[in-house]
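A.B. asks: Here it is, the structure, as structure tokens.
The values are calculated or read from the model by the stated rules, or taken from the named source; none is laboratory data. Worth saying up front: this structure is predicted, and the values here are computed from it rather than measured. Cβ placement follows ideal geometry from the backbone for every residue including glycine, while neighbour counts extend to all protein chains displayed.
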Amino acid sequence: VSADSLLYRQDQLDRSGPRRRWAEPGRDARGRPVDHLDVAARLESSGFGDLAAVDEGSPDVFAYAAGFDLAPARRERLRETPPPPAARSAEATTSRWAEATSRSVLILGGALTFSAAGAGGGIRSETLLVAGVAGWVAGQLCGAPTWRRRGLGDRAGAARVGSWLAVLAVGLAVVGAIIGHAADLVVSGPAAVALADTGTVVTWVVYAVAAALLGVLGNLSRVAGVAVITAVVGVVGLAIAEHALAVGAAAVLLAMTVEQARRAASAGGRQGLARPDRADVVSARNGAGQAVGLAACLLGLLVLVPGPLRAPVTVAAMAASTLSEPMLVGLGAIFGSLARRATTWRRVRWTVAMVTLAGLVVLAAATVGLALLMAAWLVTSAPHAQQHAAAAAAGAVSVVNGGCALAQRAGRDRAAMSAAVGCGIAVVVTAWWLPSPLAVVLMIGSVVATMTLVAVRAAWQPVNW
Amino acid sequence: VRIGLVNEGTYPVVAGGVSTWCHQLVSGMDEHEWHLLAITGGQATSVWPRPAQVASTTYFPMWGAVPAPPVGWRYRSRHRRAVVAEALDDFWRFALPVEPFDVRGGARLEGTVAALWHLAEPHDVPLAALLAIDGSAPAILRAWSGHRHGRPHLPTLSVADATQAAALVDRALALLDLPWPEVDVVHAAANGPAALVAMVRSWRHRIPMVLTEHGVYLRERYLAMGDLPVSWSVRYAVLSALRAICTLAYAHASLVLPVSRFNARWQHQLGADPARIFTIHNGVDGTAFEPIDDEPAVPTISFVGRIDPLKDLETLVEAFALVRPHVPQVRLRIFGPCPAGNEHYRDQVAARASRLGVDDALTWEGPVDGSVPAIRAGHVVALSSISEGLPFTVMEAMFCGRATVSTDVGGVNEVVGRDGTSGLLVPPRDPKAMAGAFHELLVDHARRAAMGRAARRRALDHFELGQCIDQYRLAYDLCTSSSDDLVHDLTDAARQPGVAMAAAGFVPARSPAMEQVS
């Protein structure tokens, strides 16, 4: 008897009498049995026991099952029996691309809106810098544990923990901004400017936190819709440079995030954790630590770059952050495809390493190219040496950012944080105390090499395939 | 005696089923000191009151987060990683052998014992952390390559398949080096991961191991894996590994204590020595099931259980339709919940009843609190399942003195007996036979009453909770009274290939009580 009868001959069996109706409709979803014990288990579970086997001339169900030929009649049949991973995988990959792109556009649109608002509203560049760093850290503080919980399938817990941390982050931002600008007010500046600065920092933190939570908790269509609207608002904002636009964008996003978080938290009933646990705190620490390290890295590199070229490097850093999300999805798709086709461990590992290196090189090339274009557009007469410095800084920022994102997404967030903090310290020390060309070259080389190694080691983890 | 009771996903983190059995066992033996080991999906909270004799409860979150390795682990675990890699190679070569798999293959069993022994060696870098790095995937690929020789029908195994299989199996292997209190006897309440943990403890501390299975672990995994969205090759690899673990546990256990002889068939098939298999049926607290003397006003057949295709309610409805022309007032009352996803099946059965013209006499009663109301509601209690282990509903009906008609599947015949005095057995999926049995009992009050009395007598004689506990008590006594004879020096066995392993020569002395239940 062919094992195919378990899968494809139910109608015939159903017509052959009550005793033979052992092939339960729907059981074919289980696919081809792997061995004779599997056949016996299926037979018994569908009512074909020892008595039925005796009727069929076998001493028991095990002997009857042993009569099944498990070899496939045709190789095509064997390919049919596993569940169709290819279709699901393609669908999932498309969804991941859309999700990653939406998240990128969300951040990019927000950055454009706030930059425009800053330019139009007379906000000082230092304030914008502080707001950017505070938003970065706050976003990671909330996003990392929320992402971790969502990865564990605890969507309700993710919403609750994310909400707690969001309140904490915004609270800290409010207190920090008030203290910072109160001190600033004593030393210099009119009260109106200080107030506007405070508002900018808090508004940007609110936006960053909301974007991080919505990017993790929101469904794809909602995130994509918000991302498109934010991008449009950002572009319009660039044209009209209106501060109220940024506040409005943050308020709308906050309202949508609160509504989404409330819905996600209540969907899990009362099963989710009300407060963050230790693992959430560790995850938040790693996320925030990584953001602090990366911010230090960027600030240190900006110190090393001549003043007029800082804007292009900042834009390049922003671009690297935006591009790394789709890059991760692309690498994931390549790794997955490779692992499904390859049959040797060594080949997959080395190919994964090479593809990761190639991904980082492409990311670096894209951001360096963008930085150089911006430099050529904004700074018409920069010497070659200065342009090289800007290019090196942009490349280093992109590799550090991309490597960190890859390691974090691979679940190695502690390694990502350690590497980011190490790189940040190296860059800051070099920028302020050892700004010699040789030290800078060595520092950039070591930072790039370290982060590349971290990224490759993270990509080597089989769980990412 | 200090007893370590190891279970997976049951006691004390969930209620009902095997957890009830565990609680009865622990509560019923206050002369022993109990150490509970719960392998869980992540839960670490007891839902049962803790009996005073429970000295400790250790939770092993099998599917929890992998512990982060300590600082400097890469340098400190260089040698350990090499040992683990070699042990994984050995383990998978046994699970996926070049030659045909033999459940009683002594040489390969020794190799697996050695592999698991090395994996279980204590080290300051947890095995779970090491397995999370590469895990079994490279070993699976190497073993598969050898296994394919002579099996041309096997497809190739991709790296993604191997990684997926490793992710499923390594979670069980990662339990091997977890610390837990010292005990004198280790009792695994299931095969698979629970038995793996128990086996390693048994080897390391040279203590006897007892294995109880309520369902046959491997049989259930065969069925459950079929529903997972994984490829055939992944299922093949994972089930091969589980088969290797299960056969090893059957070979090693000092006593294998299935809850039904139906399960014992599988255990014997998977290599358990028949001389060490003793069936101990589950017990029911008889005080909760007093005899029910009154009967409903109209002839009624009652069914209690969840609405599920395995209960084959279509056959029950067909049998009901066949008996109705002969007993016109007869009614069929179906008690029990309809689990999510089975609504379509309930509709299908209802449509069948409608087509047969009996829907006016059939009622869906829904969930009930305990089985007594459902048992009380029928002149006859029916069980139409096509697959069963040891059904509690039939036992409880017998305690209540009700006549039963059941399909002869699983361990049902062990509950009601084959002589027809304590209950009638009919073949599965045979409405005519079932209708005949219903008719016989519904029209003959004297026969029904005599069967009810015989059923209660049989239940009290064989399925009283106290008796069940006494048999386990005896099993522990057997193990501990001559423990030096029970367990071989497995340390040496693991290190010297060729040495007989896993108490292979041990045959425990049989007591009359054991003879009676086996």
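A.B. asks: Which residue pairs have Cβ atoms under 6 Å apart, sit 6 or more places apart or on different chains, and have a first residue in region B:133-147 that is at the interface with chain A (Cβ under 9 Å from one of its Cβ atoms) and a second that is buried (at least 21 other Cβ atoms within 10 Å of the Cβ) and acidic (D, E)?
C.D. replies: B:G135/B:D170
A.B. asks: Any residue in region B:85-99 that is under 26 Å from B:P181 (Cα atoms) and either of a type in the set (S, T, N, Q) or more than 14 Å from chain A (Cβ to nearest Cβ) (or both)?
C.D. replies: yes
A.B. asks: Answer yes or no: is there a residue in region B:326-345 that is part of a helix (DSSP H, G or I) and within 20 Å of B:H445 (Cβ to Cβ).
C.D. replies: No, region B:326-345 has no match at all.
A.B. asks: Let me ask you something else. Taking B:I307 as meeting all but one of (1) more than 30 Å from B:Q164 (Cβ to Cβ); (2) free of Cβ contacts under 8 Å to residues at least 40 places away in the same chain, write down the number of the exception.
C.D. replies: (2)
A.B. asks: State whether one or more residues within region B:67-74 are among the small types (G, A, S), closer than 22 Å to B:W180 by Cβ and modelled with pLDDT under 85.
C.D. replies: yes
A.B. asks: Go through region A:34-55 and count every residue that is at pLDDT below 85 and not in a helix (DSSP H, G or I).
C.D. replies: Number satisfying all stated conditions: 4.
A.B. asks: Search region A:375-433 for residues being modelled with pLDDT of 85 or more and aromatic (F, W, Y), and hand back the single one that is farthest from A:P306 (Cα to Cα).
C.D. replies: Filtering region A:375-433 for residues that are modelled with pLDDT of 85 or more and aromatic (F, W, Y), the one farthest from A:P306 (Cα to Cα) comes out as A:W433.
A.B. asks: What are the residue pairs meeting all of these: first residue in region A:308-323, first residue over 12 Å from A:G395 (Cα atoms), second residue of a type outside the set (A, V, I, L, M, F, W, C) and surrounded by fewer than 24 Cβ atoms within 10 Å (Cβ to Cβ), Cβ atoms under 7 Å, and 6 or more apart or on different chains?
C.D. replies: A:L309/A:Q386; A:T322/A:S104
A.B. asks: Only residues that are in contact with a Pro (Cβ under 8 Å, 6 or more places away or on another chain) and either away from chain B (no Cβ under 14 Å) or free of Cβ contacts under 8 Å to residues at least 24 places away in the same chain (or both): list them for region A:329-369, please.
C.D. replies: If the condition is that a residue be in contact with a Pro (Cβ under 8 Å, 6 or more places away or on another chain) and either away from chain B (no Cβ under 14 Å) or free of Cβ contacts under 8 Å to residues at least 24 places away in the same chain (or both), then A:W345 is the only one that fits.
A.B. asks: Mind counting the residues in region B:176-233 that are more than 18 Å from B:R265 (Cβ to Cβ), without any contact (Cβ under 8 Å) to a residue 60 or more places away in the chain and within 14 Å of chain A (Cβ to nearest Cβ)?
C.D. replies: 6
A.B. asks: Continuing with the same structure: What number of residues within region B:327-368 are surrounded by 16 or more Cβ atoms within 10 Å (Cβ to Cβ) and farther than 28 Å from B:G436 by Cβ?
C.D. replies: So the count comes out to 2.
A.B. asks: So which pairs qualify, if the first residue must be in region A:129-153 and farther than 27 Å from A:T113 by Cα, the second must be surrounded by 24 or more Cβ atoms within 10 Å (Cβ to Cβ) and among the acidic types (D, E), the Cβ gap must be under 9 Å, and the two must be at least 6 apart or on different chains?
C.D. replies: A:R148/A:D413
A.B. asks: Same structure, new question: On the given criteria, is B:A165 crowded, with 24+ Cβ neighbours inside 10 Å, within 12 Å of chain A (Cβ to nearest Cβ), touching a residue at least 60 places away in the same chain (Cβ under 8 Å) and under 22 Å from B:W63 (Cα atoms)?
C.D. replies: yes
A.B. asks: Filter region B:447-470 for residues that are charged (D, E, K, R), closer than 18 Å to B:V259 by Cβ and surrounded by fewer than 16 Cβ atoms within 10 Å (Cβ to Cβ) and give the result.
C.D. replies: Across region B:447-470, the qualifying residue is only B:D461.
A.B. asks: Something else now. If you take the residues in region B:96-114 that are in contact with a His (Cβ under 9 Å, 6 or more places away or on another chain) and within 20 Å of B:S145 (Cβ to Cβ), which one is modelled with the lowest pLDDT?
C.D. replies: Step by step, filter region B:96-114, then rank; the result is B:V98.
A.B. asks: Of the numbered conditions (1) over 18 Å from B:I375 (Cβ atoms); (2) in contact with a Phe, Trp or Tyr (Cβ under 9 Å, 6 or more places away or on another chain), B:D444 satisfies every one except a single condition; which is it?
C.D. replies: (2)
A.B. asks: For the structure I just gave you, tell me whether B:L218 is at pLDDT 90 or above and under 16 Å from the mean Cα position of the chain (by Cα).
C.D. replies: When the stated conditions are applied, B:L218 passes them.
A.B. asks: Okay, moving on. Of the conditions (1) outside any helix (DSSP H, G or I); (2) farther than 20 Å from B:H462 by Cβ; (3) in contact with a helix residue (DSSP H, G or I) (Cβ under 9 Å, 6 or more places away or on another chain), B:S406 satisfies every one except a single condition; which number is it?
C.D. replies: Checking B:S406 against (1) outside any helix (DSSP H, G or I); (2) farther than 20 Å from B:H462 by Cβ; (3) in contact with a helix residue (DSSP H, G or I) (Cβ under 9 Å, 6 or more places away or on another chain), the one that fails is (2).
A.B. asks: Determine whether B:A433 is modelled with pLDDT of 90 or more, assigned to a helix (DSSP H, G or I) and in contact with a strand residue (DSSP E or B) (Cβ under 7 Å, 6 or more places away or on another chain).
C.D. replies: Against the criterion (modelled with pLDDT of 90 or more, assigned to a helix (DSSP H, G or I) and in contact with a strand residue (DSSP E or B) (Cβ under 7 Å, 6 or more places away or on another chain)), B:A433 qualifies.
A.B. asks: Check B:P122, B:P155 and return the single one that is surrounded by fewer than 20 Cβ atoms within 10 Å (Cβ to Cβ) and within 14 Å of chain A (Cβ to nearest Cβ).
C.D. replies: B:P155
A.B. asks: Would you mind stating whether B:V443 is closer than 25 Å to B:D294 by Cβ and in contact with a Gly (Cβ under 9 Å, 6 or more places away or on another chain)?
C.D. replies: no
A.B. asks: Moving on to the next point. Got at least one residue in region B:215-224 being in contact with a Phe, Trp or Tyr (Cβ under 8 Å, 6 or more places away or on another chain) and part of a helix (DSSP H, G or I)?
C.D. replies: So far as region B:215-224 goes, yes, one or more of its residues are in contact with a Phe, Trp or Tyr (Cβ under 8 Å, 6 or more places away or on another chain) and part of a helix (DSSP H, G or I).
To keep it simple, each residue is scored yes or no on (1) aliphatic (A, V, I, L, M); (2) under 30 Å from A:L51 (Cα atoms); (3) within 14 Å of another protein chain (Cβ to nearest Cβ).
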| site | (1), (2), (3) |
| --- | --- |
| B:Y345 | no, yes, yes |
| B:G370 | no, no, no |
| B:A377 | yes, no, no |
| B:A397 | yes, yes, no |
| B:G401 | no, yes, no |
| B:T404 | no, yes, no |
| B:D408 | no, yes, yes |
| B:G411 | no, yes, yes |
| B:D419 | no, yes, no |
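This table checks each residue for (1) surrounded by fewer than 22 Cβ atoms within 10 Å (Cβ to Cβ); (2) at pLDDT below 85; (3) part of a helix (DSSP H, G or I).
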position	(1), (2), (3)
A:R103	no, yes, yes
A:G110	no, yes, yes
A:A138	no, no, yes
A:R150	yes, yes, yes
A:G157	no, yes, yes
